[in-house]
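One structure below.
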Amino acid sequence: MAIRNRKRKLGDVLKEAGILTEIQIVEALQQKKDGQKLGDALLDQGFITEQQLLEVLEIHLGINSVSLYRYPVDKSLMNLIPKEVSRKNLLIPLNQYENTITIAMNDPMDYYAIDDLELSTGFEIKPVIASKDDILQAINKYYDQDESDIEGDQDEMEDDAPAIRIMDQILQTGVHLKASDIHIDPSEVSISIRYRVDGVLRIDRTIPKRLQNSLIARTKILSNLNITETRLPQDGRIRLIVDDKPIDLRISTLPTVFGEKIVIRILDLSNIFKSLTDLDFSTETLEKYQREITQPSGLILLTGPTGSGKTSTLYASINKLNRQEVNIITVEDPVEYQLDGINQVQVNSAIGLTFATGLRSILRQDPNIIMVGEIRDRETAEIAIRSALTGHMVFSTLHTNSAVSAIPRLFDMEIEPYLVVSSLSAIMAQRLVKKVCKDCKQTRQATDMEKNLFKKRGIEIEKVSEGPGCNSCKDTGYKGRMAIHELLIIDDSIRQMMMNNSTITDIKNHIKEEGMKFLMDDGLLKVKQGLTTIEEVLRVATEE
């Protein structure tokens, strides 16, 4: 084949294309993990995007790149290449013409894999390029599919193999899509599988209704739930290794008229152990927040709706403070991630272990730092506040819309105002916004309306970025999410206002004058940096 005559190295191709310098390639090689390919190392270290890599290989090697998202794949070819080989080498057969098979590869310069395939299949191999996610999703979609349908025709109690295989596929696809949740929804005639990616639910596939019982049974077996109980909701958890990654799954079942609905929350353990510097803070907010959390005592509250990244920030804060000489204890419902060196208590209201009772016991364990998963009632709030006043650093979360609205919320719980005033150190509100896809990002002039919106907040803007949509982001224009924050430091003037029963409007006006950045400000500054869009910021933040 022609390609074999010009075997080239990826580093040389990227240098030739002027994308990277020799110094950057050497740096990537020094930092890469054992056995990792150069291409993967460059992507991990952020030297290039996957789209750039595909384009360079396409132009410089003369190999076409394809989007498997819409590509017609010949399923009969799956028998030629075992699934394990496809997964290991990140490739999938697409179609056959005479004596040639077209194979989508993530690394078309993997000449050993091409030689092996030619030997094992007896066909000539024509490589085309596709992204890693595309290939992994296609492998999940096309391998075993027909087999499971055929077996599903048999009595489902006689053979649970299709349910086991389908469940594995569902979980693998969830991990590859970087989904936060998987929904298995029964309807009258079928079961639909939906994934929540970047906060949005999308349907992926439907499964025949006849597999419903064995699929539910399989999920319950995995998560140690009661298989015979179908009339009551149940909760469980599993830890699995999916694609060499440790993944924690939280399982929730709910009886509906068409059978049990299952929601699986995916907690990617390699994702959570982020440091505060990885959490999209602006420099100013990060400095202030780090200063507050390193105080010897006080109460720090994180606010925002479910799914706004509060847990990640809490864990990152605690990790930052985790040293041998401090005793950190948490009481959570549920314990989402297990952290080394930190004592974590799981709430269990069935046996009377609530946040309040857990917190009381914690105080007898000589802690320096305490984290309470959530303040839900007066009792928990009062113990948390008293702990902060007796020399402990206390972290917790509240469900309020903004940082300022956490103050009346605590007063509404009938806690003595002077206790709230003396214990509160800082309140941080946060939300998640979708990031503009790096691969199809375009910049355009801001419209007058957009300029006015920024002007109102005292920000000048000329250009904004958006993504028209590409294969990499499944035509959405967004890929991944980032946090926007507002941090309210409770200083003496705010304490005075709280003691004098000032209204929330008065406090808001005061902190505005002091120059505090609200969610909207932080979001718009991130729009100015080309990281997200105005639509996303307006979706999660309101104009005060």
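The values are calculated or read from the model by the stated rules, or taken from the named source; none is laboratory data. Since the structure is predicted, the reported quantities are computational estimates derived from the model, not experimental observations. Positions of Cβ are backbone-derived with ideal geometry, glycine not excepted, and every protein chain shown enters the neighbour counts. When the accessible area is computed, the model is the full protein with side chains, heavy atoms only, and any ligands, DNA or RNA have been set aside. Shrake-Rupley method; radii C 1.70, N 1.55, O 1.52, S 1.80 Å.
Observations
Conditions tested, residue by residue: (1) under 19 Å from residue 141 (Cα atoms); (2) touching a Ser or Thr at 6+ places or on another chain (Cβ under 8 Å).
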residue: 17; (1), (2): no, no
residue: 54; (1), (2): no, yes
residue: 73; (1), (2): yes, no
residue: 77; (1), (2): yes, no
residue: 83; (1), (2): yes, no
residue: 88; (1), (2): yes, no
residue: 92; (1), (2): yes, yes
residue: 117; (1), (2): no, no
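- Condition met for residue 537 (part of a helix (DSSP H, G or I), touching a Gly at 6+ places or on another chain (Cβ under 8 Å) and at pLDDT 90 or above): yes
- Residues located in the stretch 462-473, provided they are in a loop (DSSP other than H, G, I, E, B) and surrounded by 17 or more Cβ atoms within 10 Å (Cβ to Cβ): 467, 470, 471, 472, 473
- Residue list for the stretch 359-373, restricted to those being open to solvent by 40 Å² or more (accessible area, probe 1.4 Å) and assigned to a loop (DSSP other than H, G, I, E, B): 364, 365, 366, 368
- Only one of the numbered conditions (1) under 18 Å from residue 110 (Cβ atoms); (2) touching a residue at least 40 places away in the same chain (Cβ under 8 Å); (3) touching a helix residue (DSSP H, G or I) at 6+ places or on another chain (Cβ under 7 Å); (4) of a type outside the set (Asp, Glu) is violated by residue 38, and that is (2).
- Entry remark, the stretch 189-211: residues being part of a helix (DSSP H, G or I) and surrounded by fewer than 20 Cβ atoms within 10 Å (Cβ to Cβ) number 2 in total.
- Tally, over the stretch 503-544, of residues that are open to solvent by less than 40 Å² (accessible area, probe 1.4 Å) and among the polar types (S, T, N, Q): 2
- Among the residues listed as 384, 350, the single one being touching a residue at least 12 places away in the same chain (Cβ under 8 Å) and more than 22 Å from residue 503 (Cβ to Cβ): 384
- When 279, 301 are screened for being open to solvent by less than 80 Å² (accessible area, probe 1.4 Å), within 25 Å of residue 357 (Cα to Cα) and in contact with a helix residue (DSSP H, G or I) (Cβ under 7 Å, 6 or more places away or on another chain), only 301 passes.
- Hey, residue 90 at positive phi, open to solvent by less than 50 Å² (accessible area, probe 1.4 Å) and out of contact with any Pro (no Cβ under 6 Å at 6 or more places or on another chain) or not: yes
- So residue 452, is it touching a Ser or Thr at 6+ places or on another chain (Cβ under 6 Å) and open to solvent by 20 Å² or more (accessible area, probe 1.4 Å): no
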